[in-house]
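Trainee: Dropping a structure here in structure tokens format, bear with me for questions.
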Amino acid sequence: MRRSAAPSFKFSGLGVSNSKSDVQKPKDKDFTFPKAARSTASILSLLNSDGGEEEENGTRNNTNTTSSLEHCRRQSVVIDPPGTKENKPENRRVIDGKKISPGAVCDGVFAHHIQLFNVVWGKQSTKKHKTWEGDGTLEVHEKSVVLKDTEGKVLGQANRKSAPLEEGSRLFIGSKEVEIIDAVTPTPGEVLNQSSSSKRTAETAALHVPQSFKKGKVAPSFQIPVRRPPGSGVLQPQVPLVMPQPPNEHQWKFNTACLPVTNVAVDPFLVRVLRPHQREGVVFLYECITGMRKMDCFGAILADEMGLGKTLQCIALVWTLLKKGPYGGIPVLKRVLVVTPSSLVLNWEKEFLSWLGRERISLFVVDQKKKPRDYGKYKKESVMLISYEMFVRYHEDINTLQFDLLICDEGHRLKNNSIKVSILLTKLRCRRKILLTGTPIQNDLQEFFSLVDFVNPGILSTLQEFHQYYEEPILASRQPRASKSVKELGEKRTSELSSATCWFILRRTQDVINKFLPTKEESVIFCVMSSLQEELYKTAVSYWTNREVLAHSDNVAHLSVITALKKICNHPFLVWDKSEMIAEYLEQMYTNDYNFSIEHSGKLIVLMNLLRYASSQKEKVVVVSYYTQTLDMLASVFSQEQFKYCRLDGSVPSGQRQKIVEQFNSNYIDYFIFLLSARAGGVGLNLTGASRLVLYDCDWNPATDLQAMSRIWRDGQKRAVHIYRLLTTGSIEEKMFQRQLSKTDLSGAIVDSHKKTSIKLSNEELKDLFTIHTDVSCLTHDLLRCDCSGSGEAPGPPEEYVEIGDPCASQDTTLLLKNYKPDSQKLHMNELFKWEHHGKPLNISVLQNMGLSDSTDYITYMFRNMSVENDSAVNKLNSPSSL
Ligand SMILES: Nc1ncnc2c1ncn2[C@@H]1O[C@H](COP(=O)(O)OP(=O)(O)OP(=O)(O)O)[C@@H](O)[C@H]1O
Ligand SMILES: [Mg+2]
């Protein structure tokens, strides 16, 4: 292995000895691992100290934000001159009985001097942070102004005076106070320079404008602007989104007062931002929770793949139904409870406020200070946000409240209906329920039953009956030697189960947003093992073989070997821990003053080279690991390389998590790396500030890896994305990867030792798992039996592809989901044939593109896959920088 100039690091406090000659002495810079850095307190203090510096940056950030906004505002608006194609009389459209020239609309000015603005309105008050009663439009005519609600009903009229009106201006019309949100652009799909929407000062309208808001001064309460449609200017076609009318039987049952049936339409400011699949999702949720799909069922499962904006779909539904309903316009919802993992509570708050605007909604976020029992005091706060943990703690108080809708985010955590949180949530008196999950339902019918029974209790009868009627015949039919009749019965029950449930489960795959996102390059990088890693690895395996554990089937010993092997792959330093069972055995490997260096782990060398490259490109990187100890080690190395990082693991209080995420995503705070614990923070986070993500180690469960890898490629991402999965060649990591690719779901068979679950693998299988392959460049490629030359071509699917594992397990429960498509994210063995195969000698220009050119000597093989190239114009226009 080539020795790079990579610095070494030393764990000086342990008195570890080094007896091996091949171990590198420090070359240039010594890294000293501060022992204290391994404790949670010191990690927090590290974070705090970084945070201290960030305060300063944060201030600068604010200034910059303001100035960049100002800059946007100052940009000129492009309006087609009169006589251009759009302004020709034949191209004018009629709005409210008047001919409108679309070109003129670009500046919020209609032909004939009519302006139209989106506004919020409410009773007159002098409050700084007032609550608005509704949305509407303001028509500014030559001599008058007219305030209308979203249905077009006139709410007030006043004479027009000559004062400028622009975003944020407030004025009084009759008894109503009005605040201007922005100018209306009524032409569907019309391209508008986003910055222009901020600069819509017109030379018109003089109304009674309060002194403090005159001269275009932005009203102080207008702190969070309503989010613009995604994209720097492509306005979504504003085809109204009106919910379906309730069928006759529904009216018969639920409209007992014979109220007029009214239209339930999503407010235009939300319609503008919804993607097509999100429009469909909102209607689906509406039909489910109002009982329109089945009159005695009010639950839904929205199982869209990660990053498709399940949050926004719920927000659009909630906002609509807090305002409206199909019978006499009476709102369907008064109070809504959203339960989420603790790391996402503040993300929900942020999403609510940024999509709706602070002026429209106030939320009750349960935290250390605000307790559910105080909820009654806050009459205006219709939505309560709470973590699962807090829900368990305060369930008694919550039970005394009445909620009309319960939303459970990352709801797959309710897959076991006997855990406390599931039991308590089931007891909550609320029949309308939405369960959100981006992680595919795994191949376990009992879990499926739990989720379904949670949202629509009793629909699959009791667990026992479900077990007998569905589970047993379905599982029996999957057995390799199942008879024809058993197979037929299994298929029949599968399709019965599917039709019993598919109408309230909706899942769309990432394909639906591909065209809105930049390209994604995924790669699996096989990294060399250092000679120290190899030596330790062999020692750990021989410990296992010699201990007669085979005879005793000692689970603890098996698991400790698995853990040790995984740690050795990450870095040999990690197995030096007296508490490790095999430490005693490995101790002979070390002598005093052992100098660990980056060089002792192939993966770490590749990672550091990649980080240096990303840093030179000013790209941020998310680095994910499953081990706190690995995160500690990486943190130490990053500090000493002077890479500025932030970190999110289980020890970070939930109240701080969103702040860390926002700081990282901000352009103005120079965190370069986000160190993420896959277990603590894999779900739900949006880390679009980074364009590269490295999965430093992997899990048995592919769903967990997918969760972590989906954090950066999502709406809001503006750069091309690179996702790297680092594996140590020929090691247990490759085998774990292969297990993930095969259809055998091992997640239930092997879990971490702390969960004390037994291993269900035979000794033969374990032996295979532990065997080290030192003479291969890629075990996985060998297993594919692919005869390609490794020149970077994608070989394409072979006539008969290789499947590792149990071929009978192929009938996935996801088949039960409506709109089933094979999970686009889940990589199966045969799909690797569609990826590029790169063997030695690696193509240098490919490596350069991937930011890996410094790592040629440390990479033995690569698989690479690019998402379909998108229209770069679309990408650019949908970049969030302009939101
Ligand atoms: N229509 C949209 N336009 C622009 N950005 C959007 C849109 N919908 C969602 N987003 C953004 O996309 C990101 C991902 O959305 P969200 O967190 O709701 O995904 P999700 O489906 O809940 O994914 P996960 O399963 O990972 O939790 C968020 O930053 C959100 O603000
Ligand atoms: Mg989510």
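Trainee: Karplus couplings for region 425-433 from phi (6.51 cos²θ - 1.76 cosθ + 1.60, θ = phi - 60°), rounded to Hz, Gly and Pro as x?
Mentor: 5, 5, 6, 4, 7, 7, 8, 8, 9
Trainee: State which entries of 377/427; 294/484; 350/566; 603/767; 370/427; 294/324 exceed 26 angstrom in Cα-Cα distance in the structure shown.
Mentor: Correct reply: 294/484; 350/566.
Trainee: Let me ask something additional. Highest mean first, what order results for 669-678, 323-332 on Cβ atoms within 10 Å?
Mentor: Numbers: 669-678: 22.6, 323-332: 17.8.
The peptides rank, most packed first, as 669-678, 323-332.
Trainee: Which length gain, in nm to one decimal place, applies between residue 394 and residue 484 when the Cα-Cα distance is subtracted from 0.36 nm times their residue separation?
Mentor: Difference between extended and current length: 27.1 nm.
Trainee: OK, next. Provide the solvent-accessible area of residue 838, counting protein heavy atoms only and rolling a 1.4 Å probe, rounded to the nearest 10 Å².
Mentor: So the heavy atoms of residue 838 present about 10 Å² to solvent.
Trainee: How much accessible surface does residue 381 have with a 1.4 Å probe, in Å² rounded to 10?
Mentor: 20 Å²
Trainee: Still on this model: What number comes out for accessible area per residue over region 318-461 if the probe is 1.4 Å? Units Å², please.
Mentor: For region 318-461, the solvent-accessible area averages 37 Å² per residue.
Trainee: Moving on. Would region 278-364 count as rounded, prolate or oblate if I go by the C-alpha gyration tensor, calling it rounded below 1.5 in a/c and otherwise prolate when a/b exceeds b/c, oblate otherwise? Can you show the working numbers first?
Mentor: Numbers: a/c = 1.86, a/b = 1.26, b/c = 1.48.
Taking the square roots of the gyration eigenvalues as a ≥ b ≥ c, region 278-364 is oblate.
Trainee: Subtracting the Cα-Cα distance from 0.36 nm times the residue separation, let me have the gained length for residue 468 to residue 239 in nm, one decimal.
Mentor: Taking residue 468 through residue 239 to full extension adds about 77.6 nm, to one decimal.
Trainee: Another one. Find how much the distance from residue 496 to residue 476 grows on full extension, using 0.36 nm per residue of separation minus their present alpha carbon separation; answer in nm with one decimal.
Mentor: Once the chain is fully extended between residue 496 and residue 476, it gains 5.6 nm.
Trainee: Would you calculate the separation in nanometres between label points at residue 785 and residue 251, each defined as 7 Å from the Cα along the Cα-to-beta-carbon direction?
Mentor: 6.5 nm
Trainee: Would you check the accessible area of residue 539, probe 1.4 Å, heavy atoms only, in square angstrom rounded to 10?
Mentor: Accessible surface of residue 539 is approximately 20 Å².
The values are calculated or read from the model by the stated rules, or taken from the named source; none is laboratory data. On a predicted model such as this, the values are computed, not experimentally measured, just so you know. Neighbour counts run over all protein chains shown; Cβ positions are idealised from the backbone, glycine included. In case anyone asks, the SASA skips ligands and DNA or RNA and just uses the protein heavy atoms, side chains included. Shrake-Rupley method; radii C 1.70, N 1.55, O 1.52, S 1.80 Å.
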